[in-house]
Amino acid sequence: MERLENWFRPRQKLKDRQSMLETDEEYCERWITIRIIYLSGFLMFLSFGVVTTSLWPYLQEMDSTSGKAFLSVLFAAPPGGQLLFSPLIGWCSNRMSSVRILFVLLTALYIFSNALYSVIELFCVPQRKYIMLIARFGFGIATSINTISRAYISAATKFSERTKTIAICSLSQTLGLLVGPLLQSLISLLGKDGVVLCGLRLNMYTSGGWICALGGTMFLLLLSPSTFVHRTIAFKEAQNNKGKSSLMENNRSLHLFPICMIITGYGLLMFFYVSFQTTLSPIALDQFSWSHEESLYYLGILLTVGTLCSCLIYLLLPYLSKTYNEHNVFVYIAILPLFLSQMMMIPTVEHKLEASVSRSDNSTAALLGCTQEWCKSVPTISRYQLSISYGMLCISFSVGIAITQTILSKLLGARPQGHWMALYTSVGGIARIMGPGTMLIYIQYGPHYLFGLGTIVTGLMLLWIWFYRKLLHIDTKLATNVREEQDHTGFQ
């Protein structure tokens with residue numbers, strides 16, 4: 001009960017009070033604002049998780065002439081919006097006395113984009129896919145709030161608090177990915193027809209957007225000046241802790257090769273994760289002859305279980321990092337499972353794909369199964385292959401995203417890391433834009449080429465990082481002292 005009360009009303013510890021960096025009231029305001037920021041990450045990834053499995057069938061329902069090529073454009077729209085507007089929003093945040101205004105504007109755009117996504121049916125059929133594209137692009141701009149969140153957390157936390165604060169922020173985003181597919185599985189029970197309220201249709205496609213818009217509205221209320229107070233402490237702490245050790249750390253030479261290697265590894269992880277997410281629904285529809293309702297239901301369950309697996313791996317990661325060197329964790333628990341995930345998806349079963357069939361349901365007919373030219377010559381992918389491969393991908397992604405940030409931060413040392421972290425984010429954005437493009441390979445040539453090429457690329461990456469893995473290892477006394485201080489701090 002005391003821990004719960006401390007969550008909503010943070011109290012400064014005696015050790016923090018003795019540092020005289022802030023008053024009790026400032027400490028409370030600082031941590032309440034940080035916890036509001038946790039919710040922003042949850043909201044953004046909740047919307048991403050809800051839309052992932054329903055985007056393709058929703059697009060076909062709104063405009064049956066739209067193909068899988070346009071689906072890849074829809075998947076690329078959010079990272080495109082984030083990539084284009086994040087530098088501008090970051091530039092504005094550096095020149096404003098408070099980031100609250102930016103949070104309000106981006107949250108309002110988040111609400112509008114999700115609401116627009118849910119009312120596409122009100123537009124003419126030729127316009128619908130472009131309205132959907134505008135809604136997804138607007139959502140991508142709104143996700144730039146995560147860039148502000150990372151920058152604010154870096155400025156609003158002490159050095160000993162920062163790692164665990166970023167960890168909780170990442171966990172909140174992961175929980176959004178967990179709840180999103182689960183929520184989509186539940187609302188899929190509404191079916192395509194759903195119910196009509198005030199002239200607006202609530203069905204298995206639109207309900208997720210309305211729920212996210214409602215969540216954004218509630219979050220907007222938390223951004224009032226009385227609850228969201230801009231407080232920074234990192235600069236005060238830096239002024240207080242200037243010394244010889246920090247000067248030596250700042251002057252340590254920068255090794256570009258391992259930095260480029262870890263950023264490339266991060267980009268590769270993001271690329272193949274987004275690629276798999278993009279092709280997941282079409283692969284399931286082609287390989288298993290599922291209807292759109294069955295696809296939403298079963299893939300929603302698969303994504304939920306996969307994200308739950310990511311949460312468990314995420315909780316085990318601190319213990320893995322203490323037991324094994326972080327560069328070995330990156331190689332064997334991030335890159336190796338990524339390679340195995342791609343290799344397992346290569347069709348090897350002798351059973352051929354069935355031709356497309358027409359299934360009647362309530363006087364309506366739908367063409368189910370594989371309709372591409374290569375369907376007659378390519379073996380099928382089993383449900384076990386898909387499930388195991390996706391599970392390994394989730395392990396690879398959850399470990400890789402967390403460990404690359406940790407290793408990169410240590411390689412950079414105590415010098416200012418803003419421009420390097422901007423490069424890190426940009427590489428992720430470019431990977432998220434290029435990832436959906438692999439849909440074209442799947443459409444034209446099938447899973448053999450898609451996952452065969454993926455196996456070759458990830459295999460080469462595995463060999464490269466394994467050969468130079470020791471360059472990623474940083475072991476300094478300064479890092480040891482920081483870790484000891486973190487062990488005594490605990491989660492806020």
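The values are calculated or read from the model by the stated rules, or taken from the named source; none is laboratory data. Owing to the predicted nature of the structure, the values given are computational and were not obtained by experimental measurement. Reconstructed Cβ throughout: ideal geometry from the backbone, glycine too, with neighbour counts over all protein chains shown. The protein model used for the area step is the full one, side chains on, heavy atoms only, and it has no ligands, DNA or RNA in it. Shrake-Rupley method; radii C 1.70, N 1.55, O 1.52, S 1.80 Å.
For region 386-400, a residue qualifies if it is surrounded by fewer than 21 Cβ atoms within 10 Å (Cβ to Cβ) and β-branched (Val, Ile, Thr), and exactly one does: Ile388. Looking at Leu43, Leu74, Leu39, can you tell me which residue is assigned to a helix (DSSP H, G or I), under 25 Å from Pro225 (Cα atoms), touching a residue at least 60 places away in the same chain (Cβ under 8 Å) and open to solvent by less than 30 Å² (accessible area, probe 1.4 Å)? Answer to the check: Leu43. Scanning region 166-186 turns up at least one residue that is open to solvent by 60 Å² or more (accessible area, probe 1.4 Å), modelled with pLDDT under 80 and more than 23 Å from Thr33 (Cα to Cα).
Checked against the criterion of being of a type in the set (A, V, I, L, M, F, W, C), within 29 Å of Gly306 (Cα to Cα), over 21 Å from the mean Cα position of the chain (by Cα) and at pLDDT 80 or above, the candidates Ala142, Ala115 yield just one match: Ala115.
For (1) under 20 Å from Leu472 (Cα atoms); (2) modelled with pLDDT under 80; (3) open to solvent by 50 Å² or more (accessible area, probe 1.4 Å), each residue gets a yes or a no:
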{"residue": "Cys375", "(1), (2), (3)": "no, yes, no"}
{"residue": "Ile407", "(1), (2), (3)": "yes, yes, no"}
{"residue": "Pro416", "(1), (2), (3)": "yes, yes, yes"}
{"residue": "Thr425", "(1), (2), (3)": "yes, yes, no"}
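Cβ-Cβ contacts under 9 Å between residues 6 or more apart (or on different chains), taken from a first residue in region 296-322 that is in a helix (DSSP H, G or I) and hydrophobic (A, V, I, L, M, F, W, C) to a second residue that is modelled with pLDDT of 80 or more and surrounded by fewer than 17 Cβ atoms within 10 Å (Cβ to Cβ), are listed as Leu302/Ser387; Val305/Ser387. Considered as a group, the residues in region 109-150 that are of a type in the set (Val, Ile, Thr) and out of contact with any helix residue (DSSP H, G or I) (no Cβ under 6 Å at 6 or more places or on another chain) include one that is nearest to Pro79 (Cα to Cα), and that residue is Ile134.
How about region 121-132: which of its residues are open to solvent by less than 50 Å² (accessible area, probe 1.4 Å) and touching a residue at least 60 places away in the same chain (Cβ under 8 Å)? Hits for region 121-132 are Arg128, Lys129, Met132. For the residues Ile233, Ile262, the requirement of being open to solvent by less than 20 Å² (accessible area, probe 1.4 Å) and at pLDDT below 80 singles out Ile233. Scanning region 83-111 for residues that are open to solvent by 80 Å² or more (accessible area, probe 1.4 Å) and outside any loop (DSSP other than H, G, I, E, B), we see that the one that is farthest from Val229 (Cα to Cα) is Leu84. Note on region 435-472: residues that are surrounded by fewer than 17 Cβ atoms within 10 Å (Cβ to Cβ) and among the aliphatic types (A, V, I, L, M) amount to 7.
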